[in-house]
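One structure is given here, and the rest of the page talks about it.
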Number of protein chains: 2
Amino acid sequence: MIKKYSIKELLNKGKFFINKKVLVEGWIRSFRYSIFIILNDGSTIQNLQIVLSKNKLDKTIMKKITIGSSIRVIGIVKKSVGKKQYIELQSLKINIYELVNSDILQKSILQPKKHSFEKLREQAHLRFRTNIFSCIMRIRHHIAFCIHKYFHEHGFFYLHTPIITTSNCEGSGKMFQITTMDFKKNKLIDYTKDFFKCKTYLSVSGQLEAETASLGLGKVYTFGPVFRAEDSNTSRHLSEFWMIEPEIAFYHLEENINLAENFVKFVIQYTIENSTEDLIFLNQYLEKWNKKKKNYLLEKLELILKFPFKKISYTETIKILDQEEKKKNIKFSHPITWGMDLQSEHEQYLVDKYFKKIPVIIFDYPCNIKAFYMRMNNDGKTVRAMDILFPEIGEIIGGSQREERYDILLQRMKDTNIDINKLWWYLDTRRFGSVPHSGFGLGFDRLVQFITGMNNIRDVIPFPRTPKNADF
Amino acid sequence: MIKKYSIKELLNKGKFFINKKVLVEGWIRSFRYSIFIILNDGSTIQNLQIVLSKNKLDKTIMKKITIGSSIRVIGIVKKSVGKKQYIELQSLKINIYELVNSDILQKSILQPKKHSFEKLREQAHLRFRTNIFSCIMRIRHHIAFCIHKYFHEHGFFYLHTPIITTSNCEGSGKMFQITTMDFKKNKLIDYTKDFFKCKTYLSVSGQLEAETASLGLGKVYTFGPVFRAEDSNTSRHLSEFWMIEPEIAFYHLEENINLAENFVKFVIQYTIENSTEDLIFLNQYLEKWNKKKKNYLLEKLELILKFPFKKISYTETIKILDQEEKKKNIKFSHPITWGMDLQSEHEQYLVDKYFKKIPVIIFDYPCNIKAFYMRMNNDGKTVRAMDILFPEIGEIIGGSQREERYDILLQRMKDTNIDINKLWWYLDTRRFGSVPHSGFGLGFDRLVQFITGMNNIRDVIPFPRTPKNADF
């Protein structure tokens, strides 16, 4: 039996295959001079050139071939005479799986020409076949894989926190409700008759559950879907997205900050090294179609690796912004006052202008603009929060040291109207050998968006979920 | 600054640390002879023995110490005089993070004695601190990690298929509905006013979306949560569980079967090699508390690796069961007829008795008992389905070659009342260079249950979701 190879395997180890008989399968990307079939199988952005022979069979096939069609080829690997590729495949036998009807093809995004990202989204079931989207999907895979690799090698345990939750009080935005009730029949709505005997929601974060796990296992991380029912139609928001949330017992904020910087640098380094071809393709694509400057994407990524991230407190941040406003005659539309939530305009100015595109870590935020579970500082005004701001996209990581002191946590929960009857178990962990601990959250899709340089987050996830849109 | 180590690091590289000064943190598991603190930090099932010094500080601490308390210890690593461990830590300085109140401890599962699994579940937020559950969580991590590792190394791309879906017609069981509507206010229920402008559900499977991805990327796999709203309160079912679904373009059923066998053997082999200590602990636990025979767990796992899985068609299976019934005077409560769905009693007989606990792969099932997307055989009666049956737990993997022929798929969808208006995109992939392709699904939690030997699936997932139960 002739062995089957992916196009990636053939091209990567080209020398090894010269004069060997192999089997490949894929989809026709183009057909040139009635003799060259350009084949892709999804394993790589690169294509394999098939050289048709002059035998009868190949001649019959030649007449029928359409772009997009699926074929199976047995052939001999040869050193290519062309300059674009090192090897090519001299066909011995071609089988057609399916020929694509040209009329159908022309209406689809598989027609070889430039299509808008909007159009690609409308044919989400076919966009895996396009260069641009297959690139992004392969890069997305490598990013996901190296996240697991990083945590695994650093002694973290992967944790599956629940998606369905009864608690709707974490304060991280609006939630979707889950039910199996038939509302037409249940005119008196009685949720004790619902599937879980009570109202349930889709989780907005696995953090609280991950904390309880870290208080036994030491280091854990989640990597799963979370949900926000906010009606925000922007290029940076999804109603369903994947989040990574490490939680570490015995970690203070400083260790948490170092972990986050180390982690995100590892991910970018790994992706540069392991998705090189796809990143180069994207780089060229962005230069050509988005008018980005030469080498834009790779330089942007390398800048993240080059310097230590800037680390300043919220109070220092406010001082800097205030001074800049006065000194440089800049006018922010939201005036700078201590206690305010930083807006995009402030974050952008700070990262892009003031720190010249080096990521910034801001810590010790006012407690009033942060969640109840963050550890109170001795000043009674600020909490041990930290956000990492990136150029272009702003906040990419948000984290904190968690409040481990029972009494203070209880008071904070009361002050912020958290339902203690629902979160009793969270509070309870502070009575059984409570320890300093910390963690952070990273929106996976936004990281993929940053690394691939896409304008719209809907173009980095297979089937995006946004308000009014759950098609496919 | 003195470097901090996990107990796992210290114990694994004991020799290297002799006479070095280190910092460790953890929770007190026990306190013996007023001098030995047994410390655990979750990184391993093993504990570190701390030897208290006779200085004043340690003497004060001695009097206060309670089980479950959290401490920070600086000490010198010494070769242990005891036989149970190679090294121990001679304390120089101990800080207490929090002392646990003995009354509180006594009511909790942290009180060192045997607790029922039911009781552990009632204190799910604390069970990460128990030996048994921390063991299972670490093993769960290694299983999850090696699943990513296997697919990554075999050229698969990890795919995030959507959790929120509009299609409720895949026939894989009852679904949860998602909404943001306030039913009290909306007396006339109009789902076009709901968040996604239509009725939406929690996905029961990512297969159909994964198929479309494989038809561009070649090899993909999902690993994410899926949901079943069935009111079944058994030890093998969860309402929310994690599923792995590889889909591979150009794969026929035989290649799919080989992949599944290879994959599941790799996972078990990897887990044996990388979770050795935890598996040995579980093995002893099951011997002691569940009265399992000596070395039960490890032998069960090794039997999976030892032989090729048995491969027989559904038709042969029926013949065997029929013959066995006649020959051996067995009486199945469901009579054996061709076309029937195999019941637990048949599966158990086949695997446990007939094939002596070697896993069995049954293929070519009658089309009437299988889903619409499975490829029809030429006999017009059977489809290219395959199920893998394991000893003890029955079906662990279900898969098939998918129907790639447009007309036949369309007819099957019509015959089985599939809403083509909702699944048009699935059907549509068969017009753009359709190819033979295959895939399978594996319930992750059930695999963890099998590997850890737990009776109840609720004991292998952090916060189980089952009918009437979404606490925590």
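The values are calculated or read from the model by the stated rules, or taken from the named source; none is laboratory data. Values in this document were obtained by computation on a predicted structure and should not be read as measured data. Glycine gets a Cβ as well: all are built from the backbone with ideal geometry, and neighbour counts include every protein chain shown. The protein model used for the area step is the full one, side chains on, heavy atoms only, and it has no ligands, DNA or RNA in it. Shrake-Rupley method; radii C 1.70, N 1.55, O 1.52, S 1.80 Å.
Points to keep in mind about this one:
- Checking the stated criteria, A:K78 turns out not to satisfy the condition of being part of a helix (DSSP H, G or I) and either open to solvent by 20 Å² or more (accessible area, probe 1.4 Å) or within 11 Å of chain B (Cβ to nearest Cβ) (or both).
- Selected residue (criterion: most open to solvent (accessible area, probe 1.4 Å)) from residues of the stretch A:360-394 that are part of a loop (DSSP other than H, G, I, E, B) and under 21 Å from A:F309 (Cα atoms): A:E392
- Only one entry in B:D428, B:D419 is of a type outside the set (K, R), assigned to a loop (DSSP other than H, G, I, E, B), within 29 Å of A:Q123 (Cα to Cα) and in the same structural domain as B:L350 (by TED's automatic domain parsing), namely B:D419.
- Residues satisfying the stated conditions in the stretch A:193-221, i.e. more than 10 Å from every other protein chain (Cβ to nearest Cβ) and more than 21 Å from B:F195 (Cβ to Cβ): A:K193, A:Q207
- If you go through the stretch B:222-258 and keep only what is closer than 20 Å to B:R430 by Cα and at the interface with another protein chain (Cβ under 9 Å from one of its Cβ atoms), you end up with B:A249, B:F250.
- Residue match in the stretch B:394-402 (condition: small (G, A, S), at pLDDT 95 or above and more than 22 Å from B:Y426 (Cβ to Cβ)): no
- Of the helices (runs of 4 or more DSSP H) entirely within the stretch A:286-351, those holding at least 1 residues that are in contact with a strand residue (DSSP E or B) (Cβ under 7 Å, 6 or more places away or on another chain) occupy A:314-328, A:344-348.
- Of all residues in the stretch B:68-86, those satisfying the criterion of being closer than 15 Å to B:L52 by Cβ and basic (K, R) are B:R72, B:K78.
- Filtered residue count, the stretch A:235-277, keeping only those that are of a type in the set (A, V, I, L, M) and touching a Cys at 6+ places or on another chain (Cβ under 7 Å): 1
- Within the stretch B:437-460, the residues that satisfy the criterion of being touching a Lys or Arg at 6+ places or on another chain (Cβ under 8 Å) and either without any contact (Cβ under 8 Å) to a residue 12 or more places away in the chain or assigned to a loop (DSSP other than H, G, I, E, B) (or both) are B:G453, B:V460.
- Among helices (runs of 4 or more DSSP H) entirely within the stretch A:100-189, having at least 2 residues that are open to solvent by 10 Å² or more (accessible area, probe 1.4 Å), more than 10 Å from every other protein chain (Cβ to nearest Cβ) and in contact with an Asp or Glu (Cβ under 9 Å, 6 or more places away or on another chain) singles out A:117-122.
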